[in-house]
Structure formats: structure tokens, C-alpha cells
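The values are calculated or read from the model by the stated rules, or taken from the named source; none is laboratory data. Note that the structure is a prediction, hence the values are computed from the model and not measured. With ideal geometry, Cβ positions are generated from the backbone for all residues, glycine too; neighbour counts draw on all protein chains shown. We work out accessible area using only protein heavy atoms, side chains counted, and drop any ligands, DNA or RNA first. Shrake-Rupley method; radii C 1.70, N 1.55, O 1.52, S 1.80 Å.
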Amino acid sequence: MAFTDGRKIGGLYTAEVLRTDRVTPHMVRVTFTGEDLKRLPVRGYDQWFRLFLPRRNGQTDFAAVPERFGMAGYLKYLTAKSGTRPPFRNYTVRELRPDLGELDVDFVAHGDQGIAGPWARRAQAGERVALIDQGRGFDPIDDAGFVLLAGDESALPAIAGILRSLPRSTAGLAIIEIPTADDMQSVEAPCGVEVRWLARTDPHERPGILALEAVHAYSPAQPASLQAYLAGEQRCVAESRRHLVTAGVPKSRIAFTGYWKVGRAG
Ligand SMILES: Cc1cc2nc3c(=O)[nH]c(=O)nc-3n(C[C@H](O)[C@H](O)[C@H](O)COP(=O)(O)OP(=O)(O)OC[C@H]3O[C@@H](n4cnc5c(N)ncnc54)[C@H](O)[C@@H]3O)c2cc1C
């Protein structure tokens with residue numbers, strides 16, 4: 001399964017906000033609940049989905065949301081009357097409890113700009129959302145000798161999920177950049193994986209640079225058997241990937257995606 005496979009799979013689920021918690025200074029956890037969540041497949045790793053939110057006027061009509069987000073589904077969404085389209089963003093399963101019909105999602109509280117981050121900070125119990133399952137971006141490779149995971153705080157849920165799902169015998173390095181040292185979370189990692197937290201010291205520093213520098217400083221001992229996963233701010237992801245490819249890591253062994261781009265919405 002790869003990021004592009006999301007177009008082939010799908011499944012529409014609705015849920016409502018149960019509660020919100022500020023888990024660290026820059027991360028808000030929204031717990032969703034609903035009968036539909038009992039049938040959301042548990043895919044582990046960095047399972048992600050398209051999240052459709054209430055419109056600015058608070059209305060939650062999800063008739064414009066397709067079952068699947070392939071070309072036809074996206075067209076259905078785009079051609080719906082503009083006033084009826086709920087905004088959407090991409091998010092990762094932080095924890096799924098299908099027996100209870102509950103889903104935790106960690107939203108970076110990145111300020112007042114945008115839709116999803118600000119929404120999470122003020123979300124109220126009972127607000128309705130819809131989501132489309134998109135599968136996983138990380139597919140474990142059987143012969144991976146070493147696994148490298150790197151990203152900024154937006155990729156923390158994905159990296160935490162991958163660490164939790166990886167076989168316990170895995171060797172590797174997880175580089176997680178966070179806004180401040182207080183944004184560290186406890187993660188369940190195989191004991192052979194070093195989890196390296198990099199906290200920014202300057203609040204105006206561009207997210208992702210510390211993670212990028214750490215990837216640049218890393219030279220794989222056996223590039224041909226490395227498996228890498230890079231996610232977060234687009235430029236940092238692209239430059240990290242370039243470094244690994246130059247170091248001899250086959251492109252097919254690097255899963256990467258620019259989650260967001262400085263200064264650009266959506
Ligand atoms: C597969 C996938 C999984 C993802 N999982 C998660 C997740 O679990 N948790 C999570 O928080 N994000 C996650 N993201 C990233 C999230 O989708 C983006 O950050 C999204 O742009 C946030 O939407 P918004 O409406 O808050 O801001 P937007 O409207 O998209 O952007 C508004 C402004 O905020 C800036 N901005 C957006 N995101 C950030 C950020 N993280 N830090 C600083 N500035 C930002 C933009 O540059 C822009 O200037 C994921 C992305 C992908 C592709």
C-alpha cells in the first residue's frame with residue numbers, strides 16, 4: 001500500500017466530536033465517536049483519511065462528499081454547489097478504538113490561519129464530520145535492514161503509528177521535529193529504533209529544517225536495504241528525499257509526501 005493507493009480504496013464514515021484535549025502546547029487531540037467508526041478498518045502504521053469539516057457557518061451537510069476520492073469522487077465534490085461543499089484536509093489516525101467506535105486525531109495547533117488547525121482548537125462536542133479512508137503511506141518492506149523515519153510535528157501521529165506497528169525486531173532511527181521540548185509525546189517504539197526528538201528553539205524558525213539537517217547528517221551504512229519514510233513540510237521532505245537518493249537509497253524504498261507547504265492553504 002502506498003500514498004497513491006488511497007485513490008483506489010475508500011469508504012465514507014461520519015462521526016461527531018466527543019471531546020478535545022490539549023495534549024501538548026502545540027497539539028490538540030480531538031476524539032471522535034460514532035457507530036460508523038466501529039467499521040472503519042484498522043490499518044495500523046500511518047493510516048490516514050480525508051477529513052470533511054463543518055462549513056464556516058457551522059452547517060454539516062455531507063451530501064457533496066463522495067464514497068471514494070478517485071477522479072470521479074473528486075469531480076463529484078468539485079461540481080457540487082459551492083455553498084454546499086464542506087472543506088476538507090488530510091489527517092492521520094492517532095488511535096482507533098473500533099470496539100468503542102472512537103477515533104483520536106492529533107491536530108497541530110499552528111495558529112489562526114487555515115481551517116482544520118483553528119477548528120480543532122475550538123471544536124465542540126457534538127459537531128459532525130465525515131471522513132474517507134485513504135489507507136496507509138507506509139508499507140513495511142520485508143528485507144529492510146534499517147528504517148529511517150523523519151518529519152515535523154504534523155508527521156508525529158504518522159511516525160508514532162509506524163513505530164507502534166513495526167515488528168519489534170526492527171532497527172532504525174526516527175527523527176521527529178517538534179515546536180518545543182514540551183511537545184514531546186510518549187511513543188511505543190521497537191527497542192532497536194532510536195527516537196530522536198528535535199525541539200526548535202526559535203518560535204519563528206521554519207518547521208522541518210531541523211529534521212532536514214538531521215537527515216542530511218545521516219549517511220546510510222547500507223543504502224540498498226534502507227527503508228525510509230519522509231513526511232511534513234513539502235520543501236524539507238523533497239530535500240530529504242534528494243539527499244537519500246544521492247546517498248544511494250533506491251527511490252522505490254522511500255515513501256514520501258509533502259503534508260503541507262509554508263504559506264499555502266489546503
Ligand atoms: C497524509 C497526510 C496526513 C496528515 N496528518 C496530519 C495529522 O495527523 N496532524 C496534523 O496536524 N497534520 C496532518 N497533516 C497535515 C495537514 O493536512 C496540513 O497541515 C493542513 O494544511 C492543515 O490544514 P489547515 O486548514 O489547518 O491549514 P491550511 O489552510 O492548509 O493552511 C493555512 C496556513 O497554515 C500553514 N500551515 C498548515 N499546516 C501547518 C503546520 N502543520 N504547521 C505550520 N503551519 C501550517 C500553511 O502554510 C498556510 O499558511 C497530514 C497531511 C497529509 C497529506
FRET efficiency, 1/(1 + (r/R0)^6) with R0 30 Å, evaluated for Val262 and Lys81 via beta carbons
0.40
Roughly how many debye, to the nearest 20, is the charge dipole of the stretch 48-172 about its Cα centre, given +1 on each Lys and Arg Cβ, -1 on each Asp and Glu Cβ, and no other charges?
620 debye
Rounded to the nearest 0.05, FRET efficiency between Met184 and Ala72 (Cβ-Cβ, R0 51 Å) equals 0.75
Which angle between 0 and 90 degrees, to the nearest 10, do you get for helix 156-165 versus the longest principal axis of the chain when only C-alpha atoms count?
70 degrees
To the nearest 20 debye, what charge dipole does the chain have about its Cα centre, counting +1 at the Cβ of each Lys and Arg and -1 at the Cβ of each Asp and Glu?
960 debye
From the Cα centre of the stretch 1-18 to that of the stretch 238-259, the distance in Å is 25 Å
Label 7 Å along Cα→Cβ of Arg242; the stretch 148-191 residues with amide nitrogen under 12 Å?
none
Classify the stretch 149-226: rounded, prolate or oblate, from the alpha-carbon gyration tensor (a ≥ b ≥ c, eigenvalue square roots; a/c under 1.5 rounded; otherwise prolate if a/b is larger than b/c)?
oblate
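With a 1.4 Å probe and all protein chains kept in place, how do Met27, Met71 rank by accessible area, largest first?
Met71, Met27
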Tell me which of Gly73, Thr60, Val42 sits at the most positive position along the dipole axis of the stretch 31-84, charges placed on C-beta atoms (Lys, Arg +1; Asp, Glu -1).
Gly73
Among Leu198, Ser154, Ala15, which residue has its Cα furthest toward the positive end of the charge dipole of the chain, with +1 on Lys/Arg Cβ and -1 on Asp/Glu Cβ?
Ala15
Among residues other than Gly34 whose Cβ falls under 11 Å from its Cβ, what is the net charge (Lys/Arg +1, Asp/Glu -1)?
-1
If you roll a 1.4 Å probe over the heavy atoms of the protein chains, what accessible area per residue do you get for the chain, in Å²?
46 Å²
Solvent-accessible surface (1.4 angstrom probe) belonging to Thr180, in square angstrom, nearest 10
40 Å²
Hey, can you grab everything whose amide H is under 5 Å from the amide H of Val195? Only 5+ residues off in sequence or another chain; H modelled, so Pro and N-termini drop out.
Ala174
Probe 1.4 Å - accessible area at Asp182, Å² to nearest ten
110 Å²
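Assuming R0 = 30 Å, can you tell me the calculated FRET efficiency for the pair Asp99 and Arg168, based on Cβ-Cβ distance, to the nearest 0.05?
On the way: r = 24 Å, r/R0 = 0.79.
Efficiency for this residue pair is about 0.80.
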Using alpha-carbon positions, what is the distance between the centroids of the stretch 201-220 and the stretch 25-82, in Å?
31 Å
Got a number for carbon plus sulfur as a percent of the chain's accessible area, 1.4 Å probe?
50 percent
